[in-house]
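What follows is calculated from the coordinates using simple rules that are stated; it is not laboratory data. Since we're looking at a predicted model, the values are computed, not measured. Glycine also receives a Cβ, built like all others from the backbone with ideal geometry; neighbour counts cover every protein chain displayed.
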Protein chains: 4
Amino acid sequence: MTSDWPDIAGRLTDFGHVLPARVYFEDTDFSGSVYHTGYLRFMERGRSDFLRMLGVGHRALAAGDEGEPLSFAVRRMTIEFLRAATIDDLLQIETRVVRIDGARLALAQRVLRGSEVLTEAEVVVAVVNGMGKARRIPKGVALRLARSAAP
Amino acid sequence: MTSDWPDIAGRLTDFGHVLPARVYFEDTDFSGSVYHTGYLRFMERGRSDFLRMLGVGHRALAAGDEGEPLSFAVRRMTIEFLRAATIDDLLQIETRVVRIDGARLALAQRVLRGSEVLTEAEVVVAVVNGMGKARRIPKGVALRLARSAAP
Amino acid sequence: MTSDWPDIAGRLTDFGHVLPARVYFEDTDFSGSVYHTGYLRFMERGRSDFLRMLGVGHRALAAGDEGEPLSFAVRRMTIEFLRAATIDDLLQIETRVVRIDGARLALAQRVLRGSEVLTEAEVVVAVVNGMGKARRIPKGVALRLARSAAP
Amino acid sequence: MTSDWPDIAGRLTDFGHVLPARVYFEDTDFSGSVYHTGYLRFMERGRSDFLRMLGVGHRALAAGDEGEPLSFAVRRMTIEFLRAATIDDLLQIETRVVRIDGARLALAQRVLRGSEVLTEAEVVVAVVNGMGKARRIPKGVALRLARSAAP
């Protein structure tokens, strides 16, 4: 995690994690605004970097560090698109833990431009093995996530 | 719409519309399955081709055929990711109208592989002008959509 | 390959293969035209469906049907973007074999809208194993590709 | 450009510009590595942020700050894919000016992981108006780019 780019994975906050994201050509569509899946990609970056800053890496999970190859998979998403982002915007992605049970992790995420909320979502993710079968969230991962949400 | 490729925009059905979609490299991620936004892109293709087969084109809307430049924007989405698709899969995207009110259109969509349901969503879309302001769904568009849902 | 959608993988032609592709929201950017990587994604679909119609599937290769897990990787690309495609356009992707040697396959590809050439590319692809190491193109694959280019 | 995230647009260097980019789920494909268009998206981010740090914004160009709505369009690309990036990799995108003439800008770009070069490209971009017609590169933009390349 030592890097020439200190903020590249965002920052841990009192509520969870925040990540900046720039809107590039690739994120927009012909309507002039960000294509709706762009916000979902930004949120996935936020989840990944939140985990990264807690010491959890996708590559290590996929390599079987927890006994068998594991990866995260999105199970359910409810998402409100409130305002549109456009080219050159600098956004912030907020992520916080809502619930952890044995196999599922619920997160609340928001995409903001300054103090304006552009998108709000609740995201449920599961941990699956190489066959796509649900697995318990590894204890170490669950613990670190639970602590991130402590009052 | 005359074309050497008769099925390129899918088919109108008794419930609404169905569109085939192939899973290519671009749709997958390192977990081996389709990246979660892939299903949303497939669903957007289904909505666009449903409209296309009803005679509604994005380019004509954007060109101001209804008085000012208009485009569709997704407002809300609830989506369940039930089973994963993988490379080379041939999927079908089903779209049906659930509700139309003055400014919003609610659709139910499913992604299937054969008879297996992989993803289910309710999608609310609005019509917006060039400034992103909500506009009434043009009467002709609303009528054609309403008829598509007739019992 | 039996399917309710007979043309879903395009068609073999006397020069190689042709695949239709529709321009959707996801392919465009705020400039109003297709984002430049869109043409590359269309071309990859063309290559995949050309192989598919020759009986070569990515999933079978990845499953080790040729002795070890194999996949195709792009090694070099020279691409000219001549004219822009826009939303709702119906494009055709042409693919033909230029050269096959032991480890590399060179293809010429074009994206057309009617008779207008929008994009032209030469693409060199290799076959790699799970570690990313170059492997000979499997004999059966090379043969089928060579025959597709016969005068 | 004042921001809580000082490095969000990368840094100007003696040769031009460098931008960090993280590999996320969205960038990978089922082969386990970054999908080939991912490197092109990273390079476009590098070009955009190079321009941004020189004071040139896509939104201002599109808004007609130079007399009519303008945007950049890629005209030609030659790209070598030498080594693959994988999930969680932290990459650096280098961009330098090779040539500027009235209507075209040639750039050399590389994607690196540490000191390893993964991808190398020469990219020719043009400035186009809202109709897609080529326009002279605005004088101020050309000057700033020319200076960035000074020995």
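A simple rule links phi to the HN-Hα coupling: the Karplus curve 6.51 cos²θ - 1.76 cosθ + 1.60 with θ = phi - 60°, which for region D:122-128 gives 10, 10, 10, 10, 10, 9, 10 Hz, with x for Gly and Pro.
Dipole check for the protein assembly as shown: with +1 at the C-beta of Lys and Arg, -1 at the C-beta of Asp and Glu, and the Cα centre as origin, the magnitude is about 0 Debye. Note on residue A:131/residue D:143: beta-carbon distance plugged into 1/(1 + (r/R0)^6) with R0 of 56 Å gives a FRET efficiency of 0.45. Taking a temperature of 37 °C and a viscosity of 0.692 mPa s, what whole-number D in µm²/s does Stokes-Einstein yield for region A:100-151 with Rh from Kirkwood over alpha carbon pairs? So the translational diffusion coefficient is about 257 µm²/s. Out of every Cα-Cα pair in region A:11-148, what percent are more than 22 Å apart? Here the long-distance tail beyond 22 Å is 39 percent of all Cα pairs in region A:11-148. Note on chain A: GNM, Cα springs under 10 Å; of A:107, A:61, A:82, the largest mean-square fluctuation is that of A:82.
Under the criterion of Cα pairs below 8 Å and six or more residues apart, the relative contact order for chain D equals 26 percent. Each other copy places its own label point for residue D:129 at 2.6, 5.8, 6.3 nm from this one, sorted shortest first, where the point lies 7 Å along the Cα-to-beta carbon line. Scalar couplings 3J(HN,Hα) for region A:102-111, obtained by applying the Karplus form with A = 6.51, B = -1.76, C = 1.60 to θ = phi - 60°, are x, 10, 9, 10, 9, 10, 9, 10, 9, 10 Hz; x denotes Gly and Pro. In this Cβ point-charge picture (+1 for Lys and Arg, -1 for Asp and Glu), region D:28-93 has a dipole of about 120 debye about its Cα centre. With the convex hull drawn over the C-alpha atoms of the protein assembly as shown, the volume per residue is 159 Å³.
Against chain A, whose longest principal axis comes from its Cα atoms, helix A:139-148 is set at around 40 degrees.
Residue A:98 label point (Cα plus 7 Å toward Cβ) to equivalent points in the other copies: 1.7, 4.9, 5.1 nm, shortest first. Across the copies of the chain, residue A:68 has label points (7 Å from Cα along Cα→Cβ) spaced 2.6, 5.7, 6.2 nm apart, shortest distance listed first. Relative to the longest principal axis of the Cα atoms of chain C, the long axis of helix C:36-53 makes an angle of roughly 40 degrees. Computed from backbone phi with θ = phi - 60° and the Karplus coefficients 6.51, -1.76 and 1.60, the 3J(HN,Hα) list for region C:87-93 is 3, 6, 4, 10, 10, 10, 10 Hz; x is used for glycine and proline. Dipole of region D:11-148 (Lys/Arg Cβ +1, Asp/Glu Cβ -1, origin at the Cα centre): which of D:145, D:95, D:25 lies farthest to the positive side? Final value for the positive-end residue is D:145.
Take the alpha-carbon centre of region B:76-151, take the same for region C:75-151, and report the distance between them in whole Å. Cα centroid of region B:76-151 versus Cα centroid of region C:75-151: 35 Å apart.
Here the dipole of chain C is about 720 debye; that uses its Cα centre as origin and unit charges on the Cβ of Lys and Arg (positive) and Asp and Glu (negative).
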